[in-house]
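The values are calculated or read from the model by the stated rules, or taken from the named source; none is laboratory data. Bear in mind the structure is a predicted one, so any value in this text is a computation, not a measurement. With ideal geometry, Cβ positions are generated from the backbone for all residues, glycine too; neighbour counts draw on all protein chains shown. For accessibility, only protein heavy atoms count, side chains too; no ligands or nucleic acids. Shrake-Rupley method; radii C 1.70, N 1.55, O 1.52, S 1.80 Å.
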Amino acid sequence: MKVIIKHTNDDVAKAACKLLMEKHISSTSKNFVLSLATGSSAVEMYQKLIKQNTSGNFDFSDVYTFNLDEYVGLSAEHHQSFRYFMNMKLFNHVNIPEANINFLNGMATDISSECDRYEERIAELGGIDVQILGIGSNGHIGFNEPETPFESRTHQITLTQQTKNDNQRFFADDESVPDKALTMGIQSIMDSKSIILIATGKKKAKAVADMIQGEVTTKCPASILQTHNDVHIICDQEAAAALTTSAD
Ligand code: GLP
């Protein structure tokens, strides 16, 4: 694991954007396959990618995307769906062909087929080149909550109360966070050639320390990343506060 600690959110986003662009340029894959995360952690990096796209430095026309997860019961048009979030934060502002965007369907009636379809599509495109991750305050990656088996593939999960509380900020007061979500599994994430995890803010400090310095255990799903051979953790000082290293 390479751990990069930056002073500000902006520095974190810059470093993540730069690394992703380097991976894109040096990729030898037939299709460049990028898997993306929702939530606040990656938003500033998406803003930087939009700028790079607008200025002609990052071409999305040959990029295929997947996203880690989607709430069950929310359609792509629902304002709290992750698909809607990605449209607003990235897809609507870059030259990615619509056909290159892959997403889990939260309205699928046959959950098992939907999960299989997603895994098959990832395989058809040659696997994920770069996986962008955030981390939950309980150490989740995607929506793989504590105790999810490390060998899991795309599946339905019941969200913990902690995750629902954390994500309530994206919903109106009279709306609740759905109880269930579809998420790529931990093995689906680990199969990615390269992983960039972004963590900012003091709420992430314990999860970040457990991920990097704790034992590899399903109690902290992100701890499995210690066993991957190409992982960059890019975090700000607040998220790194429980580590012993200091900022660049
Ligand atoms: C969300 C997503 C994750 C994300 C994490 C952290 O609910 N399912 O993919 O990485 O929780 O979110 P945030 O970046 O908003 O703190």
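Annotations for the structure displayed:
- Share, in percent, of DSSP beta bridges within the chain that are antiparallel, nearest 5: 25
- Note on SER40 and MET88: the extension gain reaches 16.0 nm, defined as 0.36 nm multiplied by sequence separation minus the Cα-Cα distance.
- Three-way shape label, segment 25-128, alpha-carbon gyration tensor, a/c 1.5: oblate
- For VAL231, net neighbour charge (Lys/Arg +1, Asp/Glu -1) across residues whose Cβ lies under 12 Å away: +1
- Spin-label model distance (nm) - ASN95 vs MET107, 7 Å beyond Cα toward Cβ: 3.2
- Take every Cα pair under 8 Å whose residues are at least 6 apart in sequence, average their separation, divide by the length of the chain, and the relative contact order is 26 percent.
- Per residue accessible area in Å² of segment 191-247, where ligands, DNA and RNA are left out and the probe is 1.4 Å: 43
- Note on the chain: dipole from Cβ charges, positive end direction compared against ASN105, TYR118, CYS220; the farthest Cα belongs to CYS220.
- For the chain, the residue among ILE141, ASN31, ILE198 whose Cα projects farthest onto the positive side of the dipole built from Cβ charges is ILE198.
- Cα gyration tensor shape for the chain, rounded if a/c is under 1.5, else prolate or oblate: rounded
- Annotation: amide H-H contacts under 5 Å for LEU159 (H modelled 1.01 Å from N, sequence separation of 5 or more, or interchain): LYS180, ALA181.
- Among the listed pairs LYS23/LYS48; LYS164/LYS204; LYS2/LYS89, those beyond 24 Å (Cα-Cα): LYS2/LYS89
- Carbon plus sulfur fraction of accessible area for the chain, probe 1.4 Å, in percent: 49
- Cα centre as origin, Lys/Arg/Asp/Glu Cβ charges: segment 2-200 dipole, Debye: 780
- Charge context of THR183, other residues only, Cβ under 13 angstrom, K/R +1, D/E -1: -3
- Average accessible surface area per residue within segment 38-104, 1.4 Å rolling probe, Å²: 41
- Here VAL3 sits with roughly 60 square angstrom of accessible surface, probe radius 1.4 Å.
- Shape category assigned to segment 82-131 from the gyration tensor of Cα positions, a/c cut at 1.5: oblate
- Local charge for PHE143 was computed over the other residues whose Cβ lies under 12 Å away, with Lys and Arg +1 and Asp and Glu -1, and equals -3.
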